[in-house]
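Enquirer: Can you keep this structure in mind? I'll have questions shortly.
The values are calculated or read from the model by the stated rules, or taken from the named source; none is laboratory data. Model, not experiment: these values are computed from the prediction. Don't worry about glycine lacking a Cβ; one is built from the backbone with ideal geometry, like all the others, and counts go over all protein chains shown.
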Amino acid sequence: MPHLLVVDDDEDILSLLTVFFQRHAHPVTVAASGAAMFEALNAHKIDLVILDIMLQGEDGFSLCRRLRETSKVPIIMLTAMADHTDRVVGLEIGADDYLVKPFDARELLARVKAVLRRTTEAPALPASTETRPVLTFAGWRLDVLRRELRSADNTLMILSGGEFDLLLAFVEHPQRVLTRDQLLDLARGTSHAAYDRSIDVQVSRLRRKLELDAKTPSIIRTVRNGGYIFTPTVHRG
């Protein structure tokens, strides 16, 4: 079972989630600070991080940003804010999902499973002799099974799970206008809680990583009153 890391400075929440996830057969490690979080990541193979925003000392936003610079581990952020501000910021810095406190532990478990499905399950191979589907476009190389994006000089670009899924949706439907609803379905699946503005956030992040000038994008273009279009020609293999 996937090993979960829960980062929160509330001892009651750490205790509750430890018991709950262990009851569902998930190994759990807990941390009450950023330093403890990085120690746990170095000591264990962590499959998903549940990260509270309102930590004493270095907050969850800063920790998420630092972690995303070096790791693709899925991150679910916990926020006490009911409005969209924390959610948008979390997605902008690379979180894969978010949940508002107070929450039902069963909903958190469902989100953990959904994020792990999106980020770890290998897609079915096409009926051919290929063993690893690789898609190339505009000098970039996308390895679907390894979930890796590399530049023309073979530099690995770190993408969050949500960013990878969105890019894959674009690459599999090139030169076609896709609405936000279509992108939500293609990239996250109908089981994911719909929040269409998250697509705009993820597109913005992808542009900053793919485009020479994100302010005048040429790879992912906005179609007024339509959605987005992925303009490059895509080659397989």
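Enquirer: Restricting the search to the stretch 205-233, which residues are touching an Asp or Glu at 6+ places or on another chain (Cβ under 8 Å) and either more than 20 Å from Thr179 (Cα to Cα) or free of Cβ contacts under 8 Å to residues at least 24 places away in the same chain (or both)?
Expert: Within the stretch 205-233, Lys209, Pro217, Ser218 qualify.
Enquirer: While we're on this one: Looking at the stretch 170-187 only, could you name the residues that are surrounded by fewer than 20 Cβ atoms within 10 Å (Cβ to Cβ) and in contact with a Leu (Cβ under 6 Å, 6 or more places away or on another chain)?
Expert: Residue satisfying the conditions is Val171 alone.
Enquirer: Here is a list of conditions, (1) among the polar types (S, T, N, Q); (2) modelled with pLDDT of 95 or more; (3) crowded, with 17+ Cβ neighbours inside 10 Å, and Thr18 meets all of them except one; can you say which number that is?
Expert: For Thr18, the exception is condition (3).
Enquirer: Have a look at Ala114, Ala105 and point out the one that is in the same structural domain as Asp10 (by TED's automatic domain parsing), surrounded by 15 or more Cβ atoms within 10 Å (Cβ to Cβ) and at pLDDT below 90.
Expert: Answer to the check: Ala114.
Enquirer: Quick check on my filter: what residues within the stretch 1-13 are surrounded by fewer than 18 Cβ atoms within 10 Å (Cβ to Cβ) and touching a residue at least 60 places away in the same chain (Cβ under 8 Å)?
Expert: Pro2, the sole residue that qualifies.
Enquirer: Same structure, new question: Just give me the residues in the stretch 14-42 being outside any helix (DSSP H, G or I) and among the β-branched types (Val, Ile, Thr), in sequence order.
Expert: Val28, Thr29, Val30 - these are the residues of the stretch 14-42 that are outside any helix (DSSP H, G or I) and among the β-branched types (Val, Ile, Thr).
Enquirer: State all residues of the stretch 136-172 that are β-branched (Val, Ile, Thr) and more than 27 Å from Ile76 (Cβ to Cβ); if no residue qualifies, say none.
Expert: Thr136, Thr155
Enquirer: Still on this structure, I have one more. So Arg111 ticks every box in (1) within 16 Å of the chain's Cα centre (by Cα); (2) under 24 Å from Met157 (Cα atoms); (3) not polar (S, T, N, Q) but one. Which box is left unticked?
Expert: Only one criterion is unmet by Arg111, namely (2).
Enquirer: Can you tell me which residues in the stretch 117-143 are of a type outside the set (D, E, K, R), at pLDDT below 90 and surrounded by 12 or more Cβ atoms within 10 Å (Cβ to Cβ)?
Expert: Thr119, Thr120, Leu125, Pro133
Enquirer: As an exercise: evaluate Lys72 against (1) in contact with a Leu (Cβ under 6 Å, 6 or more places away or on another chain); (2) in a loop (DSSP other than H, G, I, E, B); (3) surrounded by 16 or more Cβ atoms within 10 Å (Cβ to Cβ) and give the number of the one condition it does not meet.
Expert: Failing condition for Lys72: (1).
Enquirer: Then there's this: Might you check whether a residue that is surrounded by 13 or more Cβ atoms within 10 Å (Cβ to Cβ) and modelled with pLDDT of 90 or more occurs anywhere in the stretch 83-91?
Expert: No, every residue in the stretch 83-91 fails to be surrounded by 13 or more Cβ atoms within 10 Å (Cβ to Cβ) and modelled with pLDDT of 90 or more.
Enquirer: Is the stretch 14-22 home to any residue that is outside the structural domain of Glu163 (by TED's automatic domain parsing), within 25 Å of Leu159 (Cα to Cα), free of Cβ contacts under 8 Å to residues at least 12 places away in the same chain and not acidic (Asp, Glu)?
Expert: no
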